[in-house]
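The values are calculated or read from the model by the stated rules, or taken from the named source; none is laboratory data. All values reported here derive from a predicted model rather than from experimental measurement. As a convention, Cβ positions derive from the backbone with ideal geometry for all residues, glycine included, and neighbour counts pool all protein chains shown.
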Amino acid sequence: MNAVTALEWFTQVLEVITALAAAPLLFGWVNQCRAWLQNRSAPSLLQPYRSIRKLFHKDAVLATNASPLFRIAPYVIFGTMAAAAAVIPSVGTHLPFTPVADGIALVGLLATARVFQALAAMDVGTAFGTLGARREMMIGFLAEPALLMVIFVASLLSASTALPAIAEQLASQAVGIYPSLAFTAVAFTMVLLAENARIPVDNPATHLELTMIHEAMLLEYSARHLALLEWAATLKLFNYTCIGFALFAPWGTAHSETPQALLAALPIFGLKLLVAGGGIALVETLSAKLRVFRAPEFLATAFLFAVLGLLVRLLLGA
Amino acid sequence: MTALPLDLQILNALAALLLLVSFAMLSQRRIVTLVSLLALQGALLCAATLLLAWRTGENHLYLSAALTLALKVIFLPWLLYRLIRRLGVYWDTEPLLNISGTMLVGLLIVVFAFGLAQPIAALASTAMRSAIGIAVAVVLLAFLTMITRRKAMSQVVGFLSMENGLFFGAMSATYGMPMIVELGVALDVLVAMLVLGVFFFQIREQFDSLDLHHLEALKEED
Amino acid sequence: MLLGLLPAQIVTALDTVVRQLGLQGLPTATAPWWLLLPLPDRQASYAPLVFLVTVAAVVVLTVLAVRAVWHRRVRRSAAWDCGFVRLDARMQDTAEGFGQPIRHIFQPFFAMQRELPTPFDRAPHYSVRIADRLWLGLYQPLGGLVRALADRIAWLQQGRISAYLLYGFVTLLVLLALML
Amino acid sequence: MAHEQFFIDPFNVFLVTLTAFVGFTTSLFSRPYMRVEVARGRLTPGRLRLFHSMYQLFMATMLTALTTNNLGLLWVMMEAATLSTVLLVTLYRTPAALEAGWKYFILCGVGIAQALFGTILLYFAAEKVLGAAGVSALLWTHLDAVKDELEPVVLGLAFVFLLVGYGTKAGLAPLHNWLPDAHAEGPTPISAVLSGLLLNVAIYAVVRCKVLVEGSLHSPLPSRMLMGFGLLSVVLAAFFLWRQRDIKRLFAYSSIEHMGIIAFAFGMGGAVANFAALLHMTVHSLTKSAIFFAVGHAAQKTGTQIMERIRGLITTSPTVGWGLMLGSLAILGLPPFGVFASEFLILTTAMREQPWATPILLAGLGVAFAAIFGRVQPMVFGETTAKRLPHPPALLPVFVHLALVLMLGLFIPPWLAEWYRAAAHLIGGQ
């Protein structure tokens, strides 16, 4: 275990801060792309920042029967998302946090966030809260195996489940066509869309309570708690995109902790974010929202793709 | 076959008679005659033992003959007669299989017994080795009488005739068992009879008849 | 919890058992106490305690940051009843309700009878009976078979003493015939 | 010649200690139990005296049967044991008890008569080799020394008679019909002792003869027969268990099943199987007598033996409830107890040597488990309106037995293991 140098700590902190800062930006950018694609005039790029700041200044309104869990949950969810950002190698791969948690621990962390969200949703006992929690659990119940399978296939290629190691291994590999990676990438995008309540599974901008999944859970929240949860949602989208980069587009991340490498890596990372945001918006405009009980088929196909990737990897060795 | 010496002839005759008596007991319905047949069987056994003792000079056989005489010819039949008179059970109802059927089965069993005893007889060195087959037949016939009887008393008589068959087997195979065993067996038979006497009175008291179909309550089919 | 937080210590404790059995134990890795090193250590390591402490630290940090930068004012009021007049306990979701989507997905694995009220019902009522297919398909027929067999075998013990004597007699003859 | 009449060898030494110990605990248990029965008016003081005297006679006959060297005397003692217990089975003078007593007497009497004929044939074969030496021809030690010279054909037939004779006393399958009636109708101490000890003595006699016959016959037929009887008993008893409504009959059938397992194990032969069979004999008699003690008190407290009417023992009298529950778990072979250890050994040896028999054995054990547990559980934990009984019954023997069985399950002391190994070697011969 080489001594953890100060620079490595610097990259670690840098990653968390970029995550916190860039998450709402990415969210805004996706909304903007969507608006353009649907030839609507787009809200400004900084709109998410303004709404989060506005919410932070408001007085929190709590339901009479809300329990302490209701008030703690936003902080826990935000905290776990931030910690997840620390584990995922977005800018540099030499992170002191690598030995602490690998891909599977990361999936566990995301699962804890989901559990707290569901519990908080059911806490007040309104019909919509439980409705949202129930559906979120269903989605989570089906998406998690697909996500684990994706990480498993990626780790098969690089013989390690630690995300930085996978990124380094894939970056250093000769660029070629890897069908197993292609299938797993498709599976991963489907999981990303499902987990972050994007169009095919859940419409982020909807106001129809009966169709909501993610939004239904936040109905009872207000002011700073709601701000935290919104921010955590954007952070979750950001984390997922960073996992996607680490597993499928690792080029350009800094493989050493020297400041110059980091500085060089930042613009490339920005470019990748723009492309990813545009991609998500494109997928969303092209597909329509599925009925809630069609979501399992969607996630089953995701799982199928991941398993296909695995089989191709084992049989063809590529 | 050279003419057997006289006493062997008599022994074989006694053995044949024993087999005949067992057959008779198999088909007898009157319990009183059944008991007298049992006494006859005991007498035949005692005679055979005496003759064997005289021929081979085994003095413990004399004691055994005396024991059989006292127990199986005099005491037990007397006890059974008294019980029959006290309990007033004179007739045994139709056995499970009709008489001719039982006789047929009895024949088969005797044939089987002889087939069975053949190898043993070949090895026996005693004079009466051919009688082993008869002993086995008597035991199996007694077993059959117990199966086909419906009255508790006749089952007991079957049990005692089986004891006679066993003693005769011991006699013909090995000139009787060691004395200590003979005494033990005799004691057991005696106590068994006393216990059975107690049983008769209790059954009589509970069911006021000795018929065995009262004793069919404990079963699984309820 | 303990096993989760301190796996390394427990794994090394178990390792002594493995060695006693004469099997090949863990390599004597010199990992720090808080780290769990898998066999080929290059794969991925996991430090549960540090992980928990970091996440907790981040959560506490957010709480303090939000409290410090913004305010802590709270106001209590009734939950949003989306236009419905009176929310009472009966309208709360039940555990069965919570499990309904997953049960809906794994429909073929449950033998489920559901009674849905039609809009014209005078007294509508909803009931669902869920039975495990394995129980219906495997265990009940097996139980029935054993019971039927038991009834048939019970005929053996029918109470008549002559039958019992016959069993003994037949076994004796069969064994003797076998022995010849 | 006189000093050779009695002998102790590794095989019967542990049985003698077991019989003495269980006899002692049963008499401890029977003293208060029978006094309550007399107080209830089910027994007259006169019959109580008969009970205690016959009980002592019964213990005497069993102990002599175990230690005697003379096979003829072994037969006489077995007959005497039957006679002494037949009066005890009919102690309550109810019609059912009478019927049970009559069947017990006739069936066992006939069975034992076959054994006498077997002994005669044995004596006949022995005399040819040992010469007409009177008593010594029937001494087991002499016979054992010279067993390979004995005439195989005669020994084979003798073994059949002995197996059928002592098999009836041991309650092996087709000859078992008297056992459930006798064990259910007699007073509980008698059922405990009959189930626990007399069956062991019968199996002991069968194994003594098997050793001789196996020596001379050199054919696997005797072992096959014993295995056949064993398997048949396990399967038949397992299916009989399903229809039981009387608790003592239930555990009587469970005794038949366990005797079947022991017979099967002795039938397999070999050091491990014999070791397991001896262990199974010990733990079975300890557990079964403990269960019968608990059952006795349960029946006495609720006044009935019908299982449907006994409910919620754990609330009415916890000691009886716990005793019965732990006893049943032990007898069903659940891990911590010794019965599991011996059954495990038997099954593993069966899997290695007689793979065809293992599924049958497992099916039997499985069905028996379902039947017994399905009935005992509601009895102990079912709800009941009856309130808790004031004075807890003196159930020390139950928990002493179960503690011993638990100990045997967890750790067999070296000296006991040495006893079993020596005995297994003596029986197995290899």
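Would you confirm whether or not the stretch C:80-90 contains a residue that is free of Cβ contacts under 8 Å to residues at least 40 places away in the same chain, buried (at least 16 other Cβ atoms within 10 Å of the Cβ), aromatic (F, W, Y) and not assigned by TED's automatic domain parsing to the domain that holds C:P27?
Start the filter on the stretch C:80-90 by keeping residues that are free of Cβ contacts under 8 Å to residues at least 40 places away in the same chain, which leaves C:80-90.
From what is left, the residues that are buried (at least 16 other Cβ atoms within 10 Å of the Cβ) are C:80, C:87.
Now narrow it down to the ones that are aromatic (F, W, Y): C:80.
Then drop every residue that is not not assigned by TED's automatic domain parsing to the domain that holds C:P27, which leaves C:80.
Yes: the stretch C:80-90 contains one or more residues that are free of Cβ contacts under 8 Å to residues at least 40 places away in the same chain, buried (at least 16 other Cβ atoms within 10 Å of the Cβ), aromatic (F, W, Y) and not assigned by TED's automatic domain parsing to the domain that holds C:P27.
Among D:Y92, D:Y123, D:Y55, which is the only one that is over 30 Å from B:G169 (Cα atoms), part of a helix (DSSP H, G or I), out of contact with any His (no Cβ under 6 Å at 6 or more places or on another chain) and among the aromatic types (F, W, Y)?
On the way: D:Y92 fails: part of a helix (DSSP H, G or I); D:Y123 fails: over 30 Å from B:G169 (Cα atoms).
Matching residue, one of D:Y92, D:Y123, D:Y55: D:Y55.
Condition first: within 9 Å of chain B (Cβ to nearest Cβ) and among the acidic types (D, E). Can you find one or more residues in the stretch D:149-170 that meet it?
Yes, there is a match, as at least one residue in the stretch D:149-170 is within 9 Å of chain B (Cβ to nearest Cβ) and among the acidic types (D, E).
Every residue in the stretch D:301-316 that is within 19 Å of D:L326 (Cα to Cα) and either hydroxyl-bearing (S, T, Y) or assigned to a helix (DSSP H, G or I) (or both), please.
Within the stretch D:301-316, D:K301, D:M307, D:L313, D:I314, D:T315, D:T316 meet the criteria.
Of the residues that sit in the stretch A:91-105 and are more than 7 Å from chain C (Cβ to nearest Cβ) and part of a helix (DSSP H, G or I), which one is surrounded by the most Cβ atoms within 10 Å (Cβ to Cβ)?
At the first step, the residues of the stretch A:91-105 found to be more than 7 Å from chain C (Cβ to nearest Cβ) are A:91-98, A:103-104.
Imposing the further condition that a residue be part of a helix (DSSP H, G or I) reduces the set to A:103-104.
Values: A:G103: 26, A:I104: 17.
Only one residue fits best here, namely A:G103.
Return yes when B:G101 is touching a residue at least 60 places away in the same chain (Cβ under 8 Å) and among the small types (G, A, S) and no when it is not. Don't jump to the end; show me each part of the working.
Working: touching a residue at least 60 places away in the same chain (Cβ under 8 Å): no; among the small types (G, A, S): yes.
So B:G101 fails the test.
For B:V89, indicate whether it is assigned to a loop (DSSP other than H, G, I, E, B) and of a type in the set (V, I, T). Even if it seems obvious, please write down each step before you answer.
Values: assigned to a loop (DSSP other than H, G, I, E, B): yes; of a type in the set (V, I, T): yes.
It is true that B:V89 is assigned to a loop (DSSP other than H, G, I, E, B) and of a type in the set (V, I, T).
Tally time: how many residues in the stretch C:122-180 are within 14 Å of chain B (Cβ to nearest Cβ) and charged (D, E, K, R)?
4
Keeping to the stretch D:270-291, report how many residues are farther than 13 Å from D:A330 by Cβ and surrounded by 24 or more Cβ atoms within 10 Å (Cβ to Cβ). Step through it out loud before you land on a result.
From the stretch D:270-291, those farther than 13 Å from D:A330 by Cβ are D:270-279, D:281; that's our starting set.
Checking the rest, the ones that are also surrounded by 24 or more Cβ atoms within 10 Å (Cβ to Cβ) come to D:273-279, D:281.
Here the count works out to 8.
Kindly indicate which of C:W135, C:W155 is aromatic (F, W, Y), exposed (fewer than 13 other Cβ atoms within 10 Å of the Cβ) and under 30 Å from B:L141 (Cα atoms). Write out each step before concluding.
Working: C:W135 fails: under 30 Å from B:L141 (Cα atoms).
Of C:W135, C:W155, the one residue that is aromatic (F, W, Y), exposed (fewer than 13 other Cβ atoms within 10 Å of the Cβ) and under 30 Å from B:L141 (Cα atoms) is C:W155.
I'd like to verify a number: residues in the stretch C:49-76 that are touching a helix residue (DSSP H, G or I) at 6+ places or on another chain (Cβ under 7 Å) and either at the interface with chain A (Cβ under 8 Å from one of its Cβ atoms) or modelled with pLDDT under 80 (or both), how many?
9
Please specify each residue of the stretch A:293-303 satisfying the condition of being hydrophobic (A, V, I, L, M, F, W, C) and over 21 Å from the mean Cα position of the chain (by Cα). Break it down into steps so the answer makes sense when it comes.
Narrowing the stretch A:293-303 to residues hydrophobic (A, V, I, L, M, F, W, C): A:293, A:295, A:298-300, A:302-303.
Correct list: A:F293 only.
Mind listing whichever residues of the stretch D:59-69 are surrounded by fewer than 24 Cβ atoms within 10 Å (Cβ to Cβ) and either within 15 Å of the chain's Cα centre (by Cα) or not in a loop (DSSP other than H, G, I, E, B) (or both)?
Taking the stretch D:59-69 and keeping what is surrounded by fewer than 24 Cβ atoms within 10 Å (Cβ to Cβ), we get D:59-61, D:63-64, D:67-69.
The answer is D:M59, D:A60, D:T61, D:L63, D:T64, D:T67, D:T68.
Here are some residues: A:G79, A:G129. Which one is facing chain C (nearest Cβ under 9 Å) and modelled with pLDDT of 90 or more?
Working: A:G129 fails: modelled with pLDDT of 90 or more.
Exactly one of A:G79, A:G129 is facing chain C (nearest Cβ under 9 Å) and modelled with pLDDT of 90 or more, namely A:G79.
Identify, from the list B:G101, B:G106, the residue that is assigned to a helix (DSSP H, G or I), touching a Phe, Trp or Tyr at 6+ places or on another chain (Cβ under 7 Å) and farther than 24 Å from B:M179 by Cα. Before the answer, list the steps.
On the way: B:G101 fails: touching a Phe, Trp or Tyr at 6+ places or on another chain (Cβ under 7 Å).
The match here is B:G106.
Results for (1) under 14 Å from the mean Cα position of the chain (by Cα); (2) surrounded by fewer than 23 Cβ atoms within 10 Å (Cβ to Cβ); (3) modelled with pLDDT of 90 or more; (4) in a helix (DSSP H, G or I), shown as yes or no for each residue.
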{"site": "A:W36", "(1), (2), (3), (4)": "no, yes, yes, yes"}
{"site": "A:A42", "(1), (2), (3), (4)": "no, yes, no, no"}
{"site": "A:K54", "(1), (2), (3), (4)": "no, yes, yes, yes"}
{"site": "A:A66", "(1), (2), (3), (4)": "no, yes, no, no"}
{"site": "A:F70", "(1), (2), (3), (4)": "no, yes, yes, yes"}
{"site": "A:A73", "(1), (2), (3), (4)": "no, no, yes, yes"}
{"site": "A:A84", "(1), (2), (3), (4)": "yes, no, yes, yes"}
{"site": "A:P89", "(1), (2), (3), (4)": "yes, no, no, no"}
{"site": "A:V107", "(1), (2), (3), (4)": "yes, yes, yes, yes"}
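Could you grab me the full set of residues in the stretch D:15-40 that are over 17 Å from D:F292 (Cα atoms) and surrounded by 19 or more Cβ atoms within 10 Å (Cβ to Cβ)?
D:L15
Considering the stretch D:294-315 alone, what residues qualify as being in contact with an Asp or Glu (Cβ under 9 Å, 6 or more places away or on another chain) and of a type in the set (A, V, I, L, M)?
Hits for the stretch D:294-315 are D:I306, D:M307.
More than 7 Å from every other protein chain (Cβ to nearest Cβ) and not in a helix (DSSP H, G or I): which single residue out of B:S172, B:S209 fits that description?
On the way: B:S172 fails: not in a helix (DSSP H, G or I).
So the residue among B:S172, B:S209 that is more than 7 Å from every other protein chain (Cβ to nearest Cβ) and not in a helix (DSSP H, G or I) is B:S209.
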